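Below is one structure, written out as structure tokens; comments come after it.
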Amino acid sequence: MNGQAGGQFIPVARLSDLDARGRAVVRVGDTNIALVRVGEQVFALADTCPHRGGPLSQGDVAGHLLHCPLHAWPFDVRTGTCPERPGVRVRIYEVALRGDEILVDASGSFPAV
Ligand code: FES
């Protein structure tokens, strides 16, 4: 479990819904949220890259860095920050696991930069 169930956690998917790369995109309200599994943890962040809208869920992961598939800007899935571009950030969502179920705190947050 990445987060503690204290916010507006809602079930969005099951671990079995993640694809072979440990990814899924879920729709919460009017936002597409990318689920990204790294090791035994699942992270959630807005699927839309703040640069030009690339689908972050389709990017490659190295460690905890998710690289946008369009221009390779890296985003830390733990914090939403872009280590190469100070001030650039993507909204992140706390994740909780309940058995096979993946829950996200739909309120989301922007990382402090
Ligand atoms: S659209 Fe993501 S780096 Fe350009």
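The values are calculated or read from the model by the stated rules, or taken from the named source; none is laboratory data. A quick note: this is a predicted structure, and the numbers were derived from the prediction, not measured. Cβ sites come from the backbone with ideal geometry, for glycine too, and all protein chains shown count toward neighbours. Just so you know, the surface numbers come from the protein's heavy atoms only, side chains and all, with ligands and any DNA or RNA stripped out. Shrake-Rupley method; radii C 1.70, N 1.55, O 1.52, S 1.80 Å.
Some values worked out for this structure:
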{"read-out": "Length released on extending from residue 60 to residue 20, taking residue separation times 0.36 nm less the Cα-Cα span", "value": "13.1 nm"}
{"read-out": "The chain - accessible surface per residue (Å², probe 1.4 Å)", "value": "52 Å²"}
{"read-out": "Descending semi-axes in whole angstrom, ellipsoid equivalent of segment 13-52, from the Cα gyration tensor", "value": "18, 12, 8"}
{"read-out": "Accessible-area composition of the chain, carbon plus sulfur, in percent [1.4 Å probe]", "value": "47 percent"}
{"read-out": "About the Cα centre, charge dipole magnitude for the chain (Lys/Arg +1, Asp/Glu -1 at Cβ), debye", "value": "200 debye"}
{"read-out": "For residue 43, residues with placed amide H under 5 Å, excluding near neighbours", "value": "36, 37, 38"}
{"read-out": "Surrounding net charge for residue 82, when Lys and Arg each add one and Asp and Glu each subtract one, Cβ distance under 10 Å", "value": "0"}
{"read-out": "Cα-based equivalent ellipsoid, the chain: semi-axes from gyration tensor eigenvalues, Å", "value": "21, 15, 12"}
